[in-house]
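The values are calculated or read from the model by the stated rules, or taken from the named source; none is laboratory data. This structure is a prediction, so every number in the text was calculated from the model and none was measured. Cβ placement follows ideal geometry from the backbone for every residue including glycine, while neighbour counts extend to all protein chains displayed. Heavy atoms of the whole protein, side chains included, go into the accessibility calculation; ligands, DNA and RNA do not. Shrake-Rupley method; radii C 1.70, N 1.55, O 1.52, S 1.80 Å.
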Amino acid sequence: MSCKVLFAEDDAELATLIQTFLARHDFEVIIVSHGDEVAAAIAREQPDLLLLDVLLPGKDGLTLCRELRPTFAAPIVMFTSLDSDLNQIMGLELGANDYILKTTPPPVLAARLNAQLRQYRSLPQAAPAAPAQQLRLGGLHLDARSRDVSLDGQRIVLSTTDFDLLWQLASHAGEVQDRDTLLQLMRGLSYDGFDRSIDIAISRLRKKLGDDPVAPVRIKTIRNKGYLLSPSGW
């Protein structure tokens, strides 16, 4: 079975070794090295499985597991050097499907990932479904497969970057998305306090989505925090 794995690991050498090994077993492995990049990478890549280091820069693996579990239905596998019972219990109670030590031989790692995938794909809800690929908020409709956006039945033409930005906001409707997360999504960079590209992109989205630039009700600016897409403004 082919499988796309999103691998969050800040040890570049280890990440490359695991990526190379798993590629020989029909896994496509996408690597991210920072915890704050994971949510955007999931929205962009739509992985079949998340392989998650615990000790990541930015958001750590346990925090990510807790935040992602309510909306990410596919397997989450913790992959870590922390072998204490407490860490394993925490990971599993936060929603991880498995907890694998980095000392595990790669063939065993591949077998356990495949076991998780077989179990997940055997469940009725595991088949690809429209809700995982589409978002609807009132008259706003986004389709991640075709990358189409429509508002009140009218198609909205967006660039690739603007679509990714809107998808990130819409998939976290009602939650503040900080500038660092959004800038990582757009350009793979951390926010330095001066870059205005996010503000320009938000302004562009507001214009295309008919939002009031002076008193926006659809994509709101949350002072000193970031931006929030209102779930009720559509």
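Observations
- Output for the range 47-91, where each listed residue is among the polar types (S, T, N, Q) and open to solvent by 70 Å² or more (accessible area, probe 1.4 Å): T71, S81
- Condition met for F21 (open to solvent by less than 60 Å² (accessible area, probe 1.4 Å), aromatic (F, W, Y) and not in a loop (DSSP other than H, G, I, E, B)): yes
- Among the residues of the range 221-234, the ones that are at negative phi and surrounded by 16 or more Cβ atoms within 10 Å (Cβ to Cβ) come to 6 in all.
- Here T71 passes the criteria (1) modelled with pLDDT of 90 or more; (2) of a type in the set (S, T, Y); (3) part of a loop (DSSP other than H, G, I, E, B) except the one numbered (1).
- Here A15 does not qualify as open to solvent by less than 40 Å² (accessible area, probe 1.4 Å), over 20 Å from D98 (Cα atoms) and not in a loop (DSSP other than H, G, I, E, B).
- Among residues of the range 1-10, those that are within 21 Å of C65 (Cα to Cα) and free of Cβ contacts under 8 Å to residues at least 40 places away in the same chain, counted: 0
- Residue match in the range 92-101 (condition: out of contact with any helix residue (DSSP H, G or I) (no Cβ under 7 Å at 6 or more places or on another chain), surrounded by fewer than 16 Cβ atoms within 10 Å (Cβ to Cβ) and at pLDDT 90 or above): yes
- Being without any contact (Cβ under 8 Å) to a residue 60 or more places away in the chain, farther than 23 Å from P107 by Cα and either of a type in the set (G, A, S) or open to solvent by 60 Å² or more (accessible area, probe 1.4 Å) (or both) is a property that does not hold for A39.
- Members of the range 74-117 found to be in contact (Cβ under 8 Å) with a residue 24 or more places away in the chain and assigned to a helix (DSSP H, G or I), listed by number: N87, M90, G91, P106, L109, A110, R112, L113, N114, Q116, L117
- Helices (runs of 4 or more DSSP H) lying entirely in the range 131-234 (those with 3 or more residues that are at pLDDT below 90 and either in contact with a His (Cβ under 6 Å, 6 or more places away or on another chain) or closer than 19 Å to A43 by Cα (or both)): 160-171, 179-187
- Considering the range 43-100, and only residues there that are among the charged types (D, E, K, R) and touching a strand residue (DSSP E or B) at 6+ places or on another chain (Cβ under 8 Å), the residue that is nearest to W167 (Cα to Cα) turns out to be E45.
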